[in-house]
Structure formats: C-alpha cells, structure tokens
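Structure, as structure tokens:
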Amino acid sequence: MDLTFTFEQDELREQARAFLAGRPEPAWEELAELGWTGVSIAEDAGGAGLSFVEEAVLFEELGRALYHGPYFSTVALALPALPADLRAEVAAGETSWTLALAPLVSDLDTADRIAIVGGDGIYELEGAEREVLATTDGSRPLGVVRGGEPGRLLAPTGVLAEIRARALTALALESCGVAGRALELAIEHVSTREQFGRPIGAYQAVSHRLADAYTQLELSRSLALWAAWCVAESDEQATVAAAAAKSSAAETAVAVCETAIQVHGGIGFTWEHELHRLYKRALGIESFIASGTRLRADVAGALLDGKRNMASDATSAPVAVRQGG
Amino acid sequence: MDLRDTPEEAAFRERLRSWLEENLPTELQGHRGGEARFEGAALRAWSRALYDAGYAGLTWPKEYGGGGAPYSFQAICLEELARAEAPAHVGVIGLGMAGPTIIAHGTEEQKSRYLAPILSAEEIWCQGFSEPGAGSDLAGVRTSARLDNHRFVVDGQKLWSSFAHIADWCILLTRSDPKSTRHAGLTYLIVDMHSPGVEVRPLRQLTGEAEFNEIFFTGVEVPVENVVGEIGGGWQVAMTTLLHERGTLGFALQAALEVQVRKAVGLARDRGADPILRDRLAREWIELQALRMTNVRSLSKLMKTGVPGPEGSIAKLVWSEANQRVTKLGLELLGPDASLADANAPYGGYWQYQQLRSRGNTIEAGTSEILRSIVAERVLGLPRSR
Ligand SMILES: Cc1cc2nc3c(=O)[nH]c(=O)nc-3n(C[C@H](O)[C@H](O)[C@H](O)COP(=O)(O)OP(=O)(O)OC[C@H]3O[C@@H](n4cnc5c(N)ncnc54)[C@H](O)[C@@H]3O)c2cc1C
C-alpha cells in the first residue's frame, strides 16, 4: 500500500514547475527535448518507457501553469490509439495529435493531426477544415472539424474505454494543479493583507473557508492519484476511479477558485489577476467530456444497477498480489 | 506508488478474512453500536476473541500483548472488519487513546500493568478531559490534584465522559499546581474509577441513551506512580491523546464510514432511489474512496519517513461531516418510514439512531470549528485567530 511519489517523480515535478514558470506556451519540440512527449512510450519507439504515473505528475503541473498546447490532446486522448510508428513521431516531437471524441474538439489550434472515431475504429482524419471557436477558457480552445476523409485506421474502438479513463484522470490532475495554485495565491494574500488591524487570514470567516478548500483539494488529489495508478496499471477499477476523480476534482477546482476570488476582494475580480484564468480553466474542465453530475450518474449506475454490489468489491479493494518486490 | 498488497499484507488479509468467516457471530454483524454494546457479554466476548486471535492492538509492542505489526496491517485489519460489518472492539477509549498515550509516555510498570487488559477487554477506560469551564479550550482545566506524601488528592468535576459509568480506569487531566494557568502546571493521571470519592452520574444524550457522564472527584487518592509523563507536563501528554483521538491515521473512521456507505447502498438497492438520491449516494461513495486514499497517502508517508503526511489531519473533519450526510441520506431513502423509531422502524431503527448519534461527531474529539482552525494555522500556516 503506497500512494507516494518516488524521488525521481518528485524531481520531475520540480523540473516541470521550474520550466513552466512564466512560460505557459512552450513549443512542442521543447517538450519533446525534455522527454515529456514520450514519457509512457516504449523505449524502442524513442520514449522513456515510464508510466501514466509520471505523466500524472506533468498533468498536474501543466494544469497549474495553465499550459496552452496539445499535450493533453496528444498524450491523454490520442496516444492509446496510435500505432508504434506514430508514437515514435510523438516521442520525437515531430507530431502532435488531437482526437475528435465528440463534436467539440480540444486543441485544434495547436495539434498537428486529427484522429476521429467512426464506426468500428479510430481513423486519421485527412483534409478536414478546422474552426476554432471562442471559449471562456482561452488556454484550452475547443473547435469543430468539417469535411475531410478517413485515412489510416489507427486502432479499433476497443481502446476508447482506456482513452476515456486516461482523459478523465488527466483532467482531474489538471484540476488539482489549478486548485493548488489558486489556494496558494489565497494563502499568500490573506497572510499579508491587513484590515481592522490584523491580517485577514486571522478571521475565521476567511481561514475556515481556506481550510475547507485545502480539505477538498486533498480529497480530490487522493482520488486523482488513485485513478492515475489504476490507469497506469490497467487496473479493473480504472473506469470508476477516473469518473470519481474527475467529478470530484473539477468541482473542487471551481469551488477553490471561487473561494480564492472571494478572499482576494476587489483585486480578485480584476482582469489583471491570475485568478480568473485559473477559474475559467476550472469551469472549462468541469464541462469537458462529462460534468460531475453526469459522472456521478455513472458511478451510481455501477453501485446500484449492476448484478453485483460494487460497494462490496471496490471499497476495500484488495487488488491482486504484487509479484516480486 | 503501488496500491497492491505486498505478499505479507495479502497473506495477512487472507488469514483475517477466513478467520472472520469462521468466527464472526451473525447476530453481531452490522451492530448498531451505542449503549447496546454493553448489554450482555456478547461484544466483550467478541473483543476478547479479536485479542486471542491477535487482531487487537496490532501495532502495539509484542511484549505488552500487541501484534508488533506495521501500520499497514492495522489499516488492512480495519478494512476487513468493515467489509465483514464486524463490530469494533469495545475498548474505544483504551484502544484509541489511553493505550497509545501510555505506550508513548508511560513507565515500564504502567505498560506491563495496563496495556494487555485493554486489548482483552477485561478493563474499560474513560477519558476525563472536558469540564464545565474547559471544552474546546482545554487549557482551562481546573480539577485539582494536590501532591501529598506520595499520592495525589483529586477534587473536581469532569463532564461528557463517555463510558465512565462502566469504566475501570480514567485518563484524567488535572491541575497540580494551583498557582499555574493555561498549559503549565497540568498533570496527567491514571485514576482507578472504583476508588472512594469517585461518583459517576450518567447524562442522557439526544439519542435517548446515556453513554456519557459527569464525574465528581472528592478527595480521591491517586498514587504518584500513576502519573503519566512528568508532574506538571500533562499538556504534552494530553496532546498525544488528542492526536490519537482524532485518528492520526483515520483508518478506524474510514472503516466506520465504509459500513454506513455499504448499508446505504444496500438500502438504495432494496428500496430504490430517484436520480437526486442516486447522485447523493454516488457523492458519498466517492467521498469514502477519497478518505480512504487520503489515509493511504498519509500512511505511506508515515511508513517511508516516520512522519504522517499533513493530509491525514483532515480525516476526522471529513469523516464526521460525511457520516452526518450519509445517515441523513439513509433516512431519506426510508421515505415516510423515517419517522418510525426503534423496533417499529425498518432495520430496527438503525438509521434513525445513526442519524441522531452522528450530530455528536462534529462536537466530540474536537469540534469541526476547532479542527478547521488547526488546519488553517498548522497546515496552511495562516495567522492565529486567538
Ligand atoms: C458524544 C460526545 C462524547 C464525548 N466524550 C468525551 C469524553 O469521553 N471525554 C471528554 O473529556 N470529553 C468528551 N466530550 C466532550 C467534547 O470533547 C467537548 O464537548 C468538545 O470539546 C466541545 O467543548 P464544549 O462542549 O465545552 O463546547 P464549547 O467549547 O463551548 O464550544 C461550543 C461551540 O463554540 C465553538 N467554539 C469554541 N471555541 C471556538 C473558537 N476558538 N473558534 C471557533 N469556534 C469555537 C465550538 O466549535 C462549538 O461549536 C464528548 C462530547 C460528545 C458530544
């Protein structure tokens, strides 16, 4: 039973935070040089041969930095559908991808190539027209594709369950990054801003809201780490863990940003302040793919409608015995 | 990161599961707790069985009757007990507070004398901290302990002391230096509840049961070897007790919540639930997983570094509020039958009792307000509110 990061994973987090500080739009080639585009790609395809747990570290940091680019669309959405030769191109930083899972497609402004779900398979979409739409969250634009022809068959639709779990988990992790940054700003502010002769953080109406924000964030982060581990291990609980994590973390990010805006007072309501951009990413994540309410309906279905009672199996899940160390 | 059991953990889990299958009496499964725990001898016998099989005090040192096992075994044990809906050991205060405090601060003699009977449920403990003038602000304790010739003479009043009416021993926080104020001059004593001058008056709770009590101490003599820690150093010892009371590792709280959520899921499957109740149930199931994974994070940090992660400090706060929501959800799932009580109610009034009892959860062992202030000040580093 271990839900902590290794020393190397912690180092990756520090490296990512330092690299992304103040530069939320690095070029794809730069990310490839850092080894980020090929984290979970096999070594013989030019990747690092690591797992989704290392990608999880990056998703949280990318969320925190409000990264704008095709990392989520390539690594969380498209990667499981890509054959080895195309993965090698991703690892090398030659191409990025997005996947049209639904009418609104992410990162059409930055992704090089588009995959689309059609009938029995996932295909490359060739010659389509792209239209990037105005979105509240400017850091992850959505768009639509029109026309075009299905090209190469990339994968059977069987991989969609894995893609959904990866995508929901990545969004949960991004949400934790967003919420963590908003909470950090709030703590800084209430510790220094004084009114009525004391730092406002000494007032419980302020400090207890932040204690609640911290509590929600840590609960959501625990779910996101659980889901990340399940995805990395292709554990049978990946589907439900990802739904639980995304429903919790996206709502947490929205709530924590709202608290942070409130305790900042007027400055929190300005365009200059970072908070509204964090807030808009949180709102964007909450509605993307499936909202918290929608995902909880899935969880309720698994709990109540199946033949077996999932609560009795999943809750104290003793998963298979680890082989070797 | 690896959520699987190690081979040793898996073997332990397997053994415990089959032990539970063979040994848990069906009539004790899903026990409602409360006063009924001490009616008859069944739960004491069950606690004794846990001890004899080596499942009580798993992490306590072997030489005092414990299991000498790593914390992860304790976590697994609590999970499996919850999974089987087995009742917890009756020695709530002894196991959760007195024992860990004695292990941390007690003398060799105290450890040999007191620990094993806690585990075997032969001796029941109570906690005498709160007073009329000292609740959230525990440093206001006034019960006096006057040192007189190798014994303390104790006078004063304690309030809200759970199980005092059946307890053999009390962990008592006293003021031994009459000139002292606040955190200084306090002494932590082990008091024999059968001593002359100890009077216990049960207080009826809003559930109708009387599980907590007033204790009056009049000239009660306590031998000086019953001091835990240093004379005058009672505050530090009391903090150890509170740390354990609030569930440093939270697994016991998680196990209790797991039983409630499992029962609520079963209830919803039996009686049906509309989409709004389904949403709320899913929310509580998710919250339970979140609490569990938070505990695992805190535990794995403890096992790696010797210090539990700060996220563990939210366990009691999260559990208490979740338990209040889940039990209320249970009532809603019952529909109009929710108004019935006791034997007239479905499931023997389980949900009605649990819901009322849950209101105490955000008061006992540190109110939610106090716990939020602790998170704000100690974890987030915000300026102190007092
Ligand atoms: C079921 C139950 C079992 C118990 N068992 C035991 C036991 O075995 N042994 C024992 O010693 N005690 C026991 N207690 C007592 C418990 O620890 C106290 O009730 C608790 O610490 C609160 O103290 P109080 O009742 O004096 O309330 P107060 O401290 O007067 O608090 C009243 C309200 O004011 C709020 N408040 C107080 N101070 C602050 C502050 N600084 N900031 C914000 N809000 C504040 C509180 O949160 C609460 O909402 C038990 C209580 C219950 C309900």
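If DNA, RNA and ligands are ignored and the probe is 1.4 Å, what is the ranking of B:His194, A:His276 by accessible area, most exposed first?
B:His194, A:His276
In whole angstrom, and with the biggest value first, how far do the Cα coordinates of the protein assembly as shown range along each principal axis?
94, 63, 53
Rolling a 1.4 angstrom probe over the protein chains, ignoring ligands and nucleic acids, what is the accessible area of A:Asp2 in square angstrom, nearest 10?
Approximately 40 Å² for this residue.
In terms of modelled amide H atoms, which long-range or inter-chain residues lie less than 5 Å from the amide H of B:Leu159?
Residues meeting the criterion, in which the H sits 1.01 Å from N, are B:Ser130, B:Glu131, B:Ile215.
Could you state the principal axis extents of the C-alpha atoms in chain B, from the largest down, to the nearest angstrom?
The principal-axis extents, from largest down, are 67, 50, 48 Å.
Kindly report the accessible area of region B:7-90 per residue (heavy atoms of protein chains, probe 1.4 Å, no ligands, DNA or RNA), in Å².
For region B:7-90, the solvent-accessible area averages 46 Å² per residue.
In Å², and per residue, what accessible area does region A:145-268 have when probed at 1.4 Å with the other protein chains present?
Details: 4310 Å² over 124 residues.
For region A:145-268, the per-residue accessible area is 35 Å².
Cut-off under 24 Å on the C-alpha distance; same-chain residues fewer than 8 positions from B:Lys328 excluded. Which lysines are left, in chain and number order?
B:Lys263, B:Lys316
Give the lysines reachable from B:Lys111 as a straight Cα distance under 19 Å; neighbours fewer than 8 places away on the same chain don't count.
B:Lys62
Specify whether the C-alpha gyration tensor of region B:36-143 places it in the rounded, prolate or oblate class, a ≥ b ≥ c being the square roots of the eigenvalues: rounded for a/c under 1.5, otherwise prolate if a/b is larger than b/c and oblate if not.
Working: a/c = 1.77, a/b = 1.39, b/c = 1.27.
Prolate, since a/c reaches 1.5 and a/b exceeds b/c.
What is the gain in length, in nm to one decimal, between A:Leu104 and A:Arg23 on full extension, counting 0.36 nm per residue of separation less the C-alpha to C-alpha distance?
Working: separation 81, 0.36 × 81 = 29.16 nm, distance 2.65 nm.
Extra length from A:Leu104 to A:Arg23 when fully extended: 26.5 nm.
Across the Cα atoms of region A:161-315, what radius of gyration and what greatest pairwise Cα-Cα distance (Dmax) are found, in Å?
Reported Rg and Dmax, both Å: 17.5, 62.
With the cut-off at 1.5 for a/c, could you classify region B:83-171 from its C-alpha gyration tensor as rounded, prolate or oblate?
Working: a/c = 2.20, a/b = 1.36, b/c = 1.62.
Oblate, because a/c is 1.5 or more while a/b does not exceed b/c.
With the cut-off at 1.5 for a/c, could you classify region A:1-122 from its C-alpha gyration tensor as rounded, prolate or oblate? Please report the intermediate quantities before stating the final value.
Working: a/c = 1.66, a/b = 1.38, b/c = 1.20.
Prolate.
Output ³J(HN,Hα) for region B:143-148: one whole-Hz value per residue in order, computed from phi by the Karplus curve 6.51 cos²θ - 1.76 cosθ + 1.60 with θ = phi - 60°, and x for Gly and Pro.
3, 9, 10, 9, 6, 8
Pop a pseudo-label 7 angstrom from the Cα along the beta-carbon direction at both B:Lys328 and A:Glu184 and give the gap in nm to one decimal.
Label at B:Lys328, label at A:Glu184, 3.5 nm between them.
Ignoring ligands and nucleic acids, what accessible area does A:His273 show with a 1.4 Å probe (Å², nearest 10)?
Its accessible surface works out to 40 Å², give or take rounding.
Roughly speaking, to the nearest percent, how much of the protein assembly as shown's 1.4 Å accessible area is carbon and sulfur?
Details: 14990 of 28550 Å².
It is 53 percent, rounded to a whole number.
By DSSP, what percent of the beta bridges with both residues in the protein assembly as shown are antiparallel, rounded to the nearest 5? Kindly include the intermediate steps, with their values, before the conclusion.
Working: 48 of 58 bridges.
That works out to approximately 85 percent antiparallel.
If you put +1 on each Lys and Arg Cβ and -1 on each Asp and Glu Cβ, how big is the dipole of region B:339-386 around its Cα centre, in Debye rounded to 20?
So the magnitude is around 260 debye.
Angle check, please: helix B:71-83 long axis (alpha carbons) against the longest principal axis of chain B (alpha carbons), in degrees 0 to 90, nearest 10.
50
Just to confirm the filter: which chymotrypsin sites (Phe, Trp or Tyr not before Pro) across region A:147-228 are DSSP coil and have at most 11 other Cβ within 10 angstrom of their Cβ? Please report the intermediate quantities before stating the final value.
Numbers: sites: A:Phe196, A:Tyr203, A:Tyr214, A:Trp226; in loops: A:Phe196, A:Tyr203.
Of the chymotrypsin sites (Phe, Trp or Tyr not before Pro), the ones in loops of region A:147-228 whose Cβ has at most 11 other Cβ atoms within 10 Å are A:Phe196.
Can you figure out the FRET efficiency of B:Leu147 with B:His183, using R₀ = 22 Å and their beta-carbon distance, to the nearest 0.05?
Numbers: r = 19 Å, r/R0 = 0.87.
So, using R0 = 22 Å, E works out to roughly 0.70.
Could you order B:Thr218, A:Thr259 so the one with the most accessible surface comes first? Probe is 1.4 Å. Before the final figure, lay out the partial values.
Numbers: B:Thr218 95, A:Thr259 15 Å².
Result, largest first: B:Thr218, A:Thr259.
Which ³J(HN,Hα) values in Hz, rounded to whole numbers, follow from the phi angles of region B:281-296 under the Karplus curve 6.51 cos²θ - 1.76 cosθ + 1.60, where θ = phi - 60° and Gly and Pro get x?
Result, ordered by residue: 5, 4, 4, 6, 5, 5, 4, 4, 4, 5, 5, 4, 5, 5, 5, 5 Hz.
Taking loop as defined by DSSP and a crowding limit of 12 other beta carbons within 10 Å, which GluC sites (Glu not before Pro) in region B:207-271 fit? Mind dumping the intermediate values first?
On the way: sites: B:Glu209, B:Glu211, B:Glu214, B:Glu221, B:Glu225, B:Glu230, B:Glu245, B:Glu258; in loops: B:Glu209, B:Glu211, B:Glu230.
Qualifying residues, ordered by number: B:Glu230.
Using modelled amide H (1.01 Å from N, peptide plane; none on Pro or chain starts), what sits under 5 Å from the amide H of A:Gly118, excluding residues fewer than 5 places away?
Placed amide hydrogens put A:Tyr123 under 5 Å from A:Gly118.
Multiply the residue separation of A:Gln15 and A:Ser287 by 0.36 nm, subtract the distance between their alpha-carbon atoms, and state the gained length in nm to one decimal.
Numbers: separation 272, 0.36 × 272 = 97.92 nm, distance 3.02 nm.
My answer for the length gained is 94.9 nm.
Ignoring the sites themselves, what is the longest stretch of chain A with no GluC sites (Glu not before Pro) in a DSSP loop and at most 16 other beta-carbon atoms within 10 Å?
Numbers: sites that count: A:Glu94, A:Glu236, A:Glu272, A:Glu274.
The longest such stretch corresponds to A:95-235.
Using the alpha-carbon atoms, what tilt in degrees (0 to 90, nearest 10) does helix A:52-64 show relative to the longest principal axis of chain A?
50
If you plug each phi of region B:253-261 into the Karplus form 6.51 cos²θ - 1.76 cosθ + 1.60 with θ = phi - 60°, what whole-Hz ³J(HN,Hα) values come out, in order, with x for Gly and Pro?
Karplus-based 3J(HN,Hα) across region B:253-261 equals 5, 4, 5, 5, 5, 4, 4, 4, 5 Hz.
Looking only at region B:125-232, where both bridge partners belong to it, what percent of the DSSP beta bridges are antiparallel (to the nearest 5)? Mind dumping the intermediate values first?
Numbers: 29 of 34 bridges.
Antiparallel bridges make up about 85 percent of those DSSP assigns within region B:125-232.
Please list A:Asp44, A:Asp305, B:Asp5 in order of solvent-accessible area, largest first, computed with a 1.4 Å probe with all protein chains present.
Working: A:Asp44 145, A:Asp305 100, B:Asp5 5 Å².
Highest to lowest solvent-accessible surface, that is A:Asp44, A:Asp305, B:Asp5.
Would you mind checking the tilt of helix A:204-232 against the longest principal axis of the Cα atoms of chain A, expressed as 0 to 90 degrees and rounded to 10?
The answer is roughly 20 degrees.
Using modelled backbone amide H atoms (1.01 Å from N, in-plane), which distant-in-sequence or interchain residues come within less than 5 Å of A:Val39's amide H?
Long-range HN contacts for A:Val39: A:Ala48.
Estimate for me the total accessible surface buried between chains B and A (protein heavy atoms, probe 1.4 Å, no ligands or nucleic acids), in Å² to the nearest 100.
Working: alone 18620 and 15610 Å², together 28550 Å².
Result for this pair: about 5700 Å² buried.
Enter the accessible area of B:Met193 (Å², nearest 10), with the probe set to 1.4 Å and all protein chains included.
Approximately 20 Å² for this residue.
Rounded to whole Å and ordered largest first, report the semi-axes of the equivalent ellipsoid of region B:146-247 derived from its Cα gyration tensor (root of 5λ).
In descending order the semi-axes read 23, 17, 12 Å.
Under unit Cβ charges (Lys, Arg +1; Asp, Glu -1), what dipole magnitude, rounded to 20 debye, does chain A have relative to its Cα centre? Each step should come with its number before you reach the end.
Numbers: 26 positive and 46 negative charges, 242 e Å.
Its charge dipole is roughly 1160 debye.
Nothing charged except the Cβ atoms of Lys and Arg (+1) and of Asp and Glu (-1): what's the magnitude of the dipole of region B:7-90 about its Cα centre? Round to the nearest 20 debye.
Values: 9 positive and 13 negative charges, 31 e Å.
Charge dipole of region B:7-90: 140 debye, to the nearest 20.
The values are calculated or read from the model by the stated rules, or taken from the named source; none is laboratory data. Values in this document were obtained by computation on a predicted structure and should not be read as measured data. With ideal geometry, Cβ positions are generated from the backbone for all residues, glycine too; neighbour counts draw on all protein chains shown. Only protein heavy atoms, including side chains, enter the accessible area calculation; ligands, DNA and RNA are left aside. Shrake-Rupley method; radii C 1.70, N 1.55, O 1.52, S 1.80 Å.
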